[in-house]
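No value in this document is a laboratory result; all are computed from the given coordinates. These numbers were taken from a predicted model, which means no experiment stands behind them. We place every Cβ from the backbone using ideal geometry, glycine too, and count neighbours over all the protein chains shown.
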Amino acid sequence: MSLDGWNLPALRGGRPAAEELEARRRGTAAYREDPEPGVTVRQELLGGVPCTFLEVPDPALTLLYFHGGGYRMGDADGWLGIGSRIALAARARVVLPDYGLAPEVPFPGALHDAASVYSVIAQESAKSDGFPPFVGGDSAGGGLAAGLALAARGALVPMPAGMVLLSPWVDLTVTKPTYDSNAATDQLISKKSLQEAAELYLQLHDPGDPLASPLFADLAGLPPVLVLASCHEALLGDSTAFAARAAAAGVSVEAHLIPDVPHAWPAIEPLIPESVEAIGTIARFLTHNRVSR
């Protein structure tokens, strides 16, 4: 769809994925969860982007949630578990876009897909209850959600009602000290894997571009943000730096730093008490900002 008014960088051609990456993508199917009972699942194209809708009866709000995977892996089917748990806890309609992956779709392809979906949902919301959707995501999906909010700030669309950022990757320069200091305690991601993912996604684009690395943006004027991160993950530095810069810019920030849990734990380890608590925290944030604005 047309994204006139968004002022996004132009799309670029990518390159085929290596067979190793294709194999890793296929391998993730073994870790997929079924949606929670009571949540209806359907697929629909929004702005030309395949999306999975997680529906509950009489939803009070909409959350556009972007999956993680370093911009090179993941799909909506892999996030049905966490998406449906948020849907039930917050009485939310959760939309999971299958945005284009690198290296076939380099930056800013994912951002174009995100803006296309957001434009449609924001238009629908304006015609119904007049309340804009929330945006969120984990890991690279959290960075994409933050980049989308920054792009929306200068576009002819309503700003998101709020942002839910779970272990967000918001600095593609991959220079935070916690990549090294938490290397022994983060069993899921590493500095090397993030560097490789950044290269596939950026393909020589400037890693300091605020739409690729929202940490380097002027964060003034963004909506309320909830940040959740593990004290022992590589991306702890990204999360704390973004929360601090957002608060310094006058943004309402709620941050939770949890010890002894893995990266993106509510999606990775759904049954541990910390994940149950995190879903409740997300639901309260969404509900509060839905009611108070």
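In this Cβ point-charge picture (+1 for Lys and Arg, -1 for Asp and Glu), the chain has a dipole of about 500 debye about its Cα centre. Is the stretch 1-147 rounded, prolate or oblate when judged by the Cα gyration tensor, a ≥ b ≥ c being the square roots of its eigenvalues, rounded requiring a/c under 1.5 and prolate requiring a/b larger than b/c? Oblate. Each peptide in 161-172, 146-157 receives the mean, over its residues, of other Cβ atoms within 10 Å, and ordering these scores from highest gives 161-172, 146-157. Partners of Lys176 within straight-line reach, counting lysines whose Cα lies under 17 Å from its Cα and excluding those fewer than 8 residues away in the same chain: Lys191, Lys192.
Under the rule a/c < 1.5 gives rounded, and otherwise a/b versus b/c splits prolate from oblate, where does the stretch 147-293 land using the Cα gyration tensor? Because a/c hits 1.5 or more and a/b fails to exceed b/c, the stretch 147-293 counts as oblate.
Under the classification rounded if a/c is under 1.5, otherwise prolate if a/b is larger than b/c and oblate if not, where does the stretch 19-292 fall, given a ≥ b ≥ c as square roots of the Cα gyration tensor eigenvalues? Walk me through the numbers on the way to the answer.
Numbers: a/c = 1.24, a/b = 1.19, b/c = 1.04.
Rounded, because the longest to shortest axis ratio a/c is under 1.5.
Positive-end ranking of Ser116, Val135, Ala155 along the dipole of the stretch 103-204, with charges on Cβ about the Cα centre, is headed by Ala155.
Using alpha carbon centroids, what distance separates the stretch 169-241 and the stretch 260-291, in Å? Computed from Cα coordinates, the inter-centre distance equals 20 Å.
Normalised by the number of residues in the chain, the mean separation of alpha-carbon contacts (under 8 Å, six or more apart) gives a relative contact order of 18 percent. Applying 0.36 nm per residue to the separation of Ala10 and Lys192 and subtracting their alpha-carbon distance, the gain on full extension is 62.7 nm.
How much length is gained on full extension from Cys231 to Glu124, taking 0.36 nm per residue of separation minus their Cα-Cα distance? Provide the component values of the computation, followed by the final result.
Values: separation 107, 0.36 × 107 = 38.52 nm, distance 3.84 nm.
Gain in length upon complete extension: 34.7 nm.
Summing charges over all other residues whose Cβ lies under 9 Å from the Cβ of Cys51, with Lys and Arg as +1 and Asp and Glu as -1, gives -2.
Amide H contacts for Leu64 (H built 1.01 Å from N in the peptide plane; partners 5 or more residues away or on another chain; cut-off under 5 Å): Val95, Phe134, Val135, Gly136.
Scanning the chain for long hydrophobic helices, with DSSP H runs required to stretch 24 angstrom or more by C-alpha along their axis and to average at least -0.5 on the Kyte-Doolittle scale, returns 109-127, 273-292.
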